[in-house]
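Student: I have a structure here, written as structure tokens, and I will follow up with some questions on it.
The values are calculated or read from the model by the stated rules, or taken from the named source; none is laboratory data. Keep in mind the model is a prediction, meaning the values are calculated, not measured. Cβ sites come from the backbone with ideal geometry, for glycine too, and all protein chains shown count toward neighbours.
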Amino acid sequence: MRVFVSDPLNREAIALLAAAGVEVLEQEDASGEQLGVALRGSDALIVRGRTQVNEDVLSRAAGLRAVCRAGSGVDNIDLEAARTRGIAVFNTPGANAVSVAELTWAMILAHHRRLVPAAVSTAAGRWEKSAFTGRELEGRVLGVIGLGQIGRRVAGFGAAFGCRVLGYDPMAPAPPGAEASALDVLLRTSDIVTLHVPLDAGTRRLLDAARLASMKRGAVLVNCARGGVVDEEALYELIVSGHLGGAALDVFDDEPPHDRKLIELDRVLATPHIGAATEDAQRRAGVRAAEIVRDFLLQGEAAGRVV
């Protein structure tokens, strides 16, 4: 049995596969047709977010039986092409939940207390206390869209900060400390709206121009989910007009963004998709992906199957 690893994977995960008698081939520079050809003879492929597992790759990967994403999102994998070819697709939901939830709150706090411009100003030798007046979070209304493992943690942190927490998810109940809400009510009521949904046909442009415009005046949007969930052009216009108070964004339609006008706004805090970029999350996701692939190859089934 052979497993092809096309993105960085921690050594504990590699050792787990080797201990199960699986040959591991690591090649991080392969993509497209080259990747498809390199995959021939491999039983499984483990990826993170960089590798694009599209129709072209899968059509050339003779013998491939499974693809596992060491992470939660599978929007870099052509699920329909995999389904058509009988290739199982897995992910590791929850492995990065703590890291993404913590980053979400780091961004909320940084935005409301203007930490980044204050730090830059101080490092440059200035002492501008009055220039960086912020806002408290206690008593604010936090709207959480998506109540999976990440969203539920974000909601719990919000309750701990003294926020009134509204939660929207048609598939999951509100966690303790949060109130279930319709999406339109959440948008027009919340001071902070944070997104925690996967990117699929049902969530693409979930926050389109009309829904963004329906948000409470002065509200802040936080997106640590996927860029395609938000209409970025509409978001830009609403911040520039003053209707929205700003945004904190870890994800974008194009990564890195080619059009920089949104991220260059003073009231936008932008980071380079680092939600899962902690040693802890990377280790958990890698080990869980290795366990899934091992179990599938040895037993014919494993948890976390998407297709």
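Student: What about GLY134, is it without any contact (Cβ under 8 Å) to a residue 12 or more places away in the chain, over 26 Å from ARG288 (Cβ atoms), of a type outside the set (Asp, Glu) and not in a helix (DSSP H, G or I)?
Tutor: When the stated conditions are applied, GLY134 does not pass them.
Student: In the range 1-13, how many are closer than 15 Å to ASP295 by Cα and either surrounded by fewer than 19 Cβ atoms within 10 Å (Cβ to Cβ) or aromatic (Phe, Trp, Tyr) (or both)?
Tutor: 2
Student: Separate question: For the range 48-67, give me the residue count where each residue is in contact with a strand residue (DSSP E or B) (Cβ under 6 Å, 6 or more places away or on another chain) and closer than 22 Å to GLU255 by Cα.
Tutor: 1
Student: Looking only at residues that are under 18 Å from VAL220 (Cβ atoms) and touching a helix residue (DSSP H, G or I) at 6+ places or on another chain (Cβ under 7 Å) in the range 82-108, which one is surrounded by the fewest Cβ atoms within 10 Å (Cβ to Cβ)?
Tutor: Out of the qualifying residues, it is TRP105.
Student: List pairs: first in the range 1-30 and at negative phi and of a type in the set (Val, Ile, Thr), second in a loop (DSSP other than H, G, I, E, B) and surrounded by 13 or more Cβ atoms within 10 Å (Cβ to Cβ), Cβ under 7 Å, 6+ apart or cross-chain?
Tutor: Close Cβ pairs (under 7 Å, with a partner that is in a loop (DSSP other than H, G, I, E, B) and surrounded by 13 or more Cβ atoms within 10 Å (Cβ to Cβ)) amount to VAL3/VAL22; VAL3/SER42; VAL3/ASP43; VAL22/MET1.
Student: Out of the range 48-81, which residues are part of a helix (DSSP H, G or I), of a type outside the set (Val, Ile, Thr) and either over 22 Å from the mean Cα position of the chain (by Cα) or buried (at least 22 other Cβ atoms within 10 Å of the Cβ) (or both)?
Tutor: Once the filter is applied, which keeps residues that are part of a helix (DSSP H, G or I), of a type outside the set (Val, Ile, Thr) and either over 22 Å from the mean Cα position of the chain (by Cα) or buried (at least 22 other Cβ atoms within 10 Å of the Cβ) (or both), the range 48-81 yields GLU55, ASP56, LEU58, SER59, ARG60, ALA81.
Student: Out of all the residues in the range 208-228, is one or more touching a Cys at 6+ places or on another chain (Cβ under 9 Å), at pLDDT 95 or above and not small (Gly, Ala, Ser)?
Tutor: no
Student: To continue, here is another question. Considering only the range 1-19, how many residues are among the charged types (D, E, K, R) and more than 18 Å from VAL53 (Cβ to Cβ)?
Tutor: Going through the range 1-19 one residue at a time, the tally reaches 2.
Student: How many residues does the range 250-307 hold that are under 14 Å from ALA70 (Cα atoms), among the hydrophobic types (A, V, I, L, M, F, W, C) and under 14 Å from the mean Cα position of the chain (by Cα)?
Tutor: Going through the range 250-307 one residue at a time, the tally reaches 4.
Student: Of the residues ARG284, ARG294, which single one is over 17 Å from ASP7 (Cα atoms) and outside the structural domain of LEU238 (by TED's automatic domain parsing)?
Tutor: After ruling out the rest, the residue left standing is ARG294.
Student: If you take just the strands (runs of 3 or more DSSP E) that sit entirely in the range 157-245, which of them hold at least 1 residues that are in contact (Cβ under 8 Å) with a residue 60 or more places away in the chain?
Tutor: 192-195, 220-223
Student: Okay, next question. Just a yes or no: is a residue in the range 278-295 in a loop (DSSP other than H, G, I, E, B) and surrounded by fewer than 19 Cβ atoms within 10 Å (Cβ to Cβ)?
Tutor: Yes, the conditions are met somewhere in the range 278-295.
Listed here are the residues, each with its yes/no results for (1) acidic (Asp, Glu); (2) under 18 Å from ARG283 (Cβ atoms); (3) modelled with pLDDT of 95 or more.
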position: ALA38; (1), (2), (3): no, no, no
position: ARG60; (1), (2), (3): no, no, no
position: ARG65; (1), (2), (3): no, no, yes
position: ILE77; (1), (2), (3): no, no, yes
position: GLU80; (1), (2), (3): yes, no, yes
position: PRO93; (1), (2), (3): no, yes, no
position: VAL100; (1), (2), (3): no, yes, yes
position: MET107; (1), (2), (3): no, no, yes
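Student: Is the range 147-156 home to any residue that is of a type in the set (Val, Ile, Thr) and under 24 Å from ARG211 (Cα atoms)?
Tutor: Yes.
Per-residue answers, yes or no, for (1) of a type in the set (Val, Ile, Thr); (2) touching a Pro at 6+ places or on another chain (Cβ under 6 Å); (3) farther than 17 Å from ASP7 by Cα:
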| position | (1), (2), (3) |
| --- | --- |
| VAL37 | yes, no, no |
| ARG60 | no, no, yes |
| ARG69 | no, no, no |
| THR84 | yes, no, yes |
| VAL98 | yes, no, yes |
| ALA101 | no, no, yes |
| TRP105 | no, no, yes |
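Student: If you scan the range 82-120, which residues turn out to be of a type in the set (D, E, K, R) and part of a loop (DSSP other than H, G, I, E, B)?
Tutor: ARG85, ARG114
Student: Would you pick out the residues in the range 223-234 that are in contact with a helix residue (DSSP H, G or I) (Cβ under 6 Å, 6 or more places away or on another chain) and crowded, with 19+ Cβ neighbours inside 10 Å?
Tutor: CYS224, ASP231
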